[in-house]
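Reviewing the structure listed below.
What follows is calculated from the coordinates using simple rules that are stated; it is not laboratory data. Because the structure is a prediction, the values reported are computed rather than measured. Note that each Cβ is placed from the backbone with ideal geometry, even for glycine, and that neighbours are counted across all protein chains shown.
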Amino acid sequence: MRHLYLLLLFLTPVFAIAQRPAISDFRLSGDAVKTGDRCIQLTFDQRWSSGSIWYKEAISLKSPFTMELKVMLGCKNRDGADGMVFVFHPNDRRVGYAGEGMGFSGLRPSIGIEIDTWENEHLGDPGQDHIALLRDGSVAHYRNLEGPNPIRNIEDCTEHDLRINWYPNREQLTIYIDGRQVLFYQGDLLNEVFRGKDKVYWGVTSGTGQYSNRQSVCIEKLDFKLVEERPNLELAGPKANRLIDGEFISLSNIKFESGSAKLLPASQMELDELARIIKARPGWKLDILGHTDNVGSASNNQQLSERRARAVAKYLQEKGIPEAQLNSRGLGERFPKHSNKSAAGRLKNRRVDFRLSKPIA
Ligand SMILES: [Ca+2]
Ligand SMILES: [Ca+2]
């Protein structure tokens, strides 16, 4: 059992996802604004506009993926600019330079699939709209990985289907616009660009410069696997003894989706360990106490803390702990352990506390 447990510790779990795309799965920045259930406008039809979206979770380049999107590059062909880039980069929340850089330039290490609608002669752009596979935040074509391949005018005021396929076993990246293959690359992106680190964030960046277009993207279908870091299990350490000794403990791995009682995957591993401890102690009682920070109304926080404590109890029941051993309560925002003035403090205050008590003899 112990050997199995140690073995599990070394596995990096990869979670298949959950492919119903939602805008809330993305972080929007710059001029990006939501324009529909699955659609985001990235730039205004204004000079020097830039916007980006980043998927909040990391994905693994060791697994195949397919992304289906719709793109709109605007209505102005002759005077429209600059285009958009589908970026893969190990660090989220970063945006490169606008204008000809389309929010991609400067991001290193990275790969970027650009749809470029403005000819910058000094970058080696062809005269037509074109697609290329770029690397390391450079929008010049002298050292790009593939392309530039000219495409039909895409600034035609209509949405176009864009599909991106990656097959790591064959090291093949293929891009289709409106069902036609427009770019194909074969190469070891994982090792040559990312030094073997498969965990990347992906996003769409876009910019305008002296000339502009309204540029937007809709997320139709995503099929990829997420990389989830295995947390250091707190109950694998001294906290387990403190719990067994009857102390109140908080488990910082127990996390919920923001404003919701839905447990995040990392929480489950910690709760599985908690379930194991309780299972070995029939008749002991576990108090589960939900707490929140002070953001929002006290009554909402009270309800949220109750729902979160109940979600934990329900999870433990599903793992075989009898209901009679579990007592869940919500305490709302009344018992902060840290200052609510800082984001770090609020994060710590959104917690679940546990206390285990022996049966009375
Ligand atoms: Ca350009
Ligand atoms: Ca054009």
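Protection proxy ranking for 83-90, 130-137, 30-37, using the average of other Cβ atoms within 10 Å per residue and placing the highest first: 83-90, 130-137, 30-37. Quote the Stokes-Einstein diffusion coefficient, in whole µm² s⁻¹, for segment 234-357, based on the Kirkwood radius over alpha carbon pairs, a temperature of 25 °C and a viscosity of 0.890 mPa s. It comes out at roughly 171 µm²/s.
Roughly how big is segment 234-357's charge dipole about its Cα centre, with Cβ charges of +1 (Lys, Arg) and -1 (Asp, Glu), in debye to the nearest 20? Approximately 160 debye in magnitude. Which of the GluC sites (Glu not before Pro) across segment 225-299 are loop residues per DSSP, with 16 or fewer other Cβ within 10 Å? Counting only loop positions with at most 16 other Cβ atoms within 10 Å, the GluC sites (Glu not before Pro) in segment 225-299 are Glu229, Glu247, Glu257.
By a straight-distance test (C-alpha under 16 Å), which aspartates and glutamates pair with Lys341 as possible cross-link partners, with residues fewer than eight away in the same chain excluded? Answer for Lys341, where 16 Å is the Cα cut-off: Asp293, Glu333, listed by chain and number. When the listed pairs Lys56/Lys225; Lys62/Lys197; Lys34/Lys221; Lys285/Lys314; Lys255/Lys348; Lys62/Lys262 are checked against a 21 Å cut-off, the alpha-carbon distance exceeds it for Lys62/Lys262. Once both axes come from the Cα atoms, what is the angle between helix 298-318 and the longest principal axis of the chain, in degrees from 0 to 90, rounded to 10? Result, in degrees: 80. For the chain, the orientation-averaged shadow of the C-alpha convex hull comes to 20.8 nm² (one quarter of the hull surface). Comparing Leu274, Gly320, Ser250 along the charge dipole axis of segment 234-357, the residue lying farthest to the positive side is Ser250, per the Cβ-charge model. For the listed peptides 139-146, 317-324, a ranking on the average number of other beta carbons within 10 Å per residue, highest first, reads 139-146, 317-324. Over the Cα atoms of segment 13-227, each weighted equally, I'd like the Debye log10 I(q)/I(0) at q = 0.13, 0.14 Å⁻¹, rounded to two decimals. One equal scatterer on each Cα of segment 13-227 leads to -0.64, -0.75. The charge dipole of the chain, taken about its Cα centre with unit charges on the Cβ atoms of Lys, Arg (+1), Asp and Glu (-1) only, comes to about 2240 debye.
A Stokes-Einstein calculation at 10 °C with viscosity 1.306 mPa s, built on the Kirkwood radius of segment 216-293 over Cα pairs, returns a diffusion coefficient of 106 µm²/s.
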